[in-house]
Amino acid sequence: MAASFWYESSSDTRISFSEARWDPLGRATELPLPRRLVTTTGPSPAAAPPLGDVVPCVVQAAGVPVSALAAAVPRPRVVVVALHGGAATSAYYDHPGHPRLSLLRTGTALGFTVLALDRPGYGSSAGHTRGMERPERRVEVAYAAVEALLAGRSRGAGVFLVAHSIGCELAVRMAADERGADLLGVELAGTGTQHNPPALRLMEEWRRNAARRPTGRRMRDLIWYPADAYPPDVYGGARIGSPAPAYEGDVVRTWTEDFPRLAARVRVPLRFTLGAHEQVWRSGPTALADIGSLFTASPRVVVDEQAGAGHNTSIGRTATAYHLKVLSFVEECALAARPQRTEGGTR
């Protein structure tokens, strides 16, 4: 059955947010909801995203409306599915006013279809959080959204996941799921198993005095360090921000224990990136190697430190460099997935 899409009437119509209040993880906790996300409907493949354009759309996925940004090419090398981090939206991968930093636009220029989902509890699914505290429900909705968005579309060599920060939780769970063996690969950025001491101290301070929330601005400063790594209108994330769903509190509390267990179940190629100026998570060569060692079932693991980047690798000044590295890895995964040719033919 063809997916149904709802679009904004103009690509110039974008969700814009005012200055936010921040929680101890640097997440916006008070933001106005978008006044309009969609304006028209289309029940047939003819209403699918125009090729090459970045188009906001909504699909029904396991009974939940899931919004996304979609950029499609006619015969993609691969379909890249991108999952944003906490207190953000899919616009993290296509920041308004900065097309050169866009994963979607860079991807389509290189022959990839790119879908940036609003994760469960964000965007159109913000009012549909019942059951989302269960990880298996979030995985179900995410896979259903990908299937709906790709109905009638070519997938090329397969589907590759890209994720940032707390979005890595969903990506790793999707990859560890039995359906994950069919993925082409995974890229994770901005996560880990050990927080940096300053971030850990701020989180503990907040837990002791949650009513006053004294640490939000300081945590935001860590997440957005250094300020000159971002264009001035990008720093702070006001134009891509969103309230975070309540279930993410549980994700944060258990992630450092869940991550190693889930990582061992990932059976596809894995790439992991930390910014050179990462302040939230322990970073550096040893930290990168430690994370890479968790993926014991993966046939290939690559770790990388992105020069010049802070925590938010996809919207800083080095985002293009980062995206080109990621898409190079995606291309390598596509080549590895092709049947090998020998003198006697294909094997």
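The values are calculated or read from the model by the stated rules, or taken from the named source; none is laboratory data. Just so you know, these numbers come straight off a predicted model, no measurement behind them. Here Cβ is always computed from backbone atoms with ideal geometry, including for glycine, and neighbour counts include all displayed protein chains.
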Search result, residues across region 62-114 that are farther than 15 Å from A319 by Cβ and out of contact with any strand residue (DSSP E or B) (no Cβ under 6 Å at 6 or more places or on another chain): A62, G63, V64, R75, G86, T89, G111
Scan region 122-143 residue by residue and report those that are in a loop (DSSP other than H, G, I, E, B) and of a type in the set (D, E, K, R). R130, E133, R134
Select from region 151-173 the residues that are under 19 Å from V252 (Cβ atoms) and either surrounded by 24 or more Cβ atoms within 10 Å (Cβ to Cβ) or among the aromatic types (F, W, Y) (or both) and list them in ascending order. A163, H164, S165, G167, C168, E169, A171, V172
State whether the residues of region 263-278 include one that is part of a helix (DSSP H, G or I) and within 20 Å of H195 (Cα to Cα). yes
Can you pull out the residues in region 191-207 that are more than 15 Å from H311 (Cβ to Cβ) and surrounded by 18 or more Cβ atoms within 10 Å (Cβ to Cβ)? W206
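The rows are residues; the columns are (1) within 20 Å of P243 (Cβ to Cβ); (2) buried (at least 18 other Cβ atoms within 10 Å of the Cβ); (3) modelled with pLDDT of 95 or more.
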position: T39; (1), (2), (3): no, no, no
position: P45; (1), (2), (3): no, no, no
position: A70; (1), (2), (3): no, yes, yes
position: A88; (1), (2), (3): yes, yes, yes
position: R105; (1), (2), (3): no, yes, yes
Got a number for residues in region 79-101 being charged (D, E, K, R) and either under 13 Å from A116 (Cβ atoms) or assigned to a loop (DSSP other than H, G, I, E, B) (or both)? 1
Quick check: anything in region 192-214 closer than 23 Å to L69 by Cβ, at pLDDT 95 or above and either touching a helix residue (DSSP H, G or I) at 6+ places or on another chain (Cβ under 9 Å) or not charged (D, E, K, R) (or both)? no
Checked pairs for region 181-200, first more than 30 Å from C333 (Cα to Cα), second surrounded by fewer than 17 Cβ atoms within 10 Å (Cβ to Cβ) and modelled with pLDDT of 95 or more, C-beta under 9 Å and 6 or more apart or across chains, list as H195/T256; L200/Q194
